[in-house]
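Worksheet: one structure, shown below.
Read-outs: derived from the displayed coordinates by stated rules, not from any lab. Bear in mind the structure is a predicted one, so any value in this text is a computation, not a measurement. Here the Cβ is made from the backbone with ideal geometry for all residues, glycine too, and neighbour counts use every protein chain on show.
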Amino acid sequence: MLQTFLATMAVMTLSMAALVWVRDRERTLLQTIIDRIPVMISVYEPTTKVLRLNREFKRLTGWTTAEARQVDLMAQCYPDPAYRARMHAYMDACPPGWQDVDMTTKDGRIIATSWTNVRLADDVRVGIGLDVRERKRVEGERERAQAEAEAASRTKDEFFAMLGHELRNPLGVITTALHVIEVTGPLDERGAKARQIIARQVVILVRLVDDLLDVTRLATGKIALSQSPVNLGAAAQRAVTAVAAGAPGRHIACHALGDLWIQADEPRLEQILLNLLHNAVKFTPPDGRVIVAVMGEGPDAVLRVEDTGAGIPADLLPRIFDLFVQGQTGLHRTGAGLGIGLTLVKRLVDLHKGRIDVTSAGPGRGSAFTVRFPRIEPAAHPPATKPAPAPSTVRRRILIVEDNDDARQMLRHLLELSGHEVYEADDGVRGLEQALVLHPDAVVIDLGLPGLDGYQVAQRIRAAGRRDVVLVAVTGYGQREDRLRSSAAGFDVHLTKPVDPTAIDALLQRHPPV
């Protein structure tokens, strides 16, 4: 019996030793496996008590399994109680997906990690964590780069808006002064010719400024079209007439189908036409020809501008619509320009869902630009053209609020020559005071004023109950958001410098005196 008992105990002892050996072997095998995995592994009970950590966890945080079992690891890794409570709830819930977590290491550093948790059948949890410091660094750099790019874009937009304002101010003064010279009396032949030359050069400068600003807005997607049915043939004829008037002696002809309609923003369509025509005239000698043709081809309305001028080299044709590309860039180049007109044309055509192509047989053999727009049915009831109003003989009381002395004086002379009673103020505060005392029929206000800006002046005039006075914004800022802002401030009209000298008179004709 003793031998049997000893034998039985020996077998049981050996069996238990074998089981312990197997369990130890399995634990060792499990630890070896999770230590080889290059991510953090944390095995823990629902109470967050640590059962096992792997080598990557120790490498990143400094905590071993044995050390973690001796402390409250949650308190060590998440010292802030509120944050720790959030992490405890997350680890208990085991939601799908990954959660970014900031962990405090054993030596007090904070590292960025990302975790996903798995719940096992016996309610033990396994956390799988990644070191995302590099990802966070890249994301941070990308966000900083994006913020810097957006800031640079805003700075560029503000610069071009200011550039347009600063360039338009002197152009407006020159335009008004030329009109005053014309009205005040006849000039001798040389003086009259000089005035005509200055007027033509001002038109060129205005077009360059407008093109420069528009191509910048197009590049940043800040131009929106306001489209309606437009007769392409009639628009082409108007553009040809305008260009021919400024280029006497040039052969410019238009062959247009009379009833060919497209969906277009009419001012932007005019911009396309004028740019193509001015470009053709600029590079065509005085004895050459510029022919504009408008026709229908299937679903398209086709505009073709052809000239017998300088032509385009074959290597330049693929890049002709690129920004700042010009055929001649040296001292001996013909014509002036910035190399942005055709870029502007291309982008405006694209906005109209059209396409533009160019062909040329080579230098000295002319060129042809062909624009295709989607054709639409003719407008059912084309708007009737209103006759121009008769010249006004009514004397109006007008207040000019403008801080530029030259601009204010020239506008005053112009309005006084038209028979109006004119007052002036050189800043917003003085302008507001005079507007409330004088009770003028109209107030012409520059938006960029010292003291109170033009928007504030208009708002306070309206707030004082003066709903009958005509408020006219005259400014170098002409973007859509500027017009919307001036309308919201109470202005009746927004005029962009340089203003047509007859525009304010025409405006006053439409508004009866107060």
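Structural remarks
- Cα-projected label distance for Asp287 with Lys353, points at 7 Å along beta-carbon direction, nm: 4.7 nm
- Order of Leu436, Leu507 - criterion: other Cβ atoms within 10 Å of each residue's Cβ, fewest first: Leu436, Leu507
- Among Glu45, Glu266, a tally of other beta-carbon atoms within 10 Å of each Cβ gives an order, fewest to most, of Glu45, Glu266.
- Peptide packing for 132-142, 230-240 was compared via the average number of neighbouring C-beta atoms within 10 Å per residue; ordered from the highest value, the list is 230-240, 132-142.
- When Cys94, Cys254 are arranged by Cβ crowding within 10 Å, least crowded first, meaning fewest neighbours, the order is Cys94, Cys254.
- Net length gained if the chain between Ser153 and Arg462 were fully extended (0.36 nm per residue, minus Cα distance): 107.7 nm
- Protection proxy ranking for 288-300, 451-463, using the average of other Cβ atoms within 10 Å per residue and placing the highest first: 451-463, 288-300.
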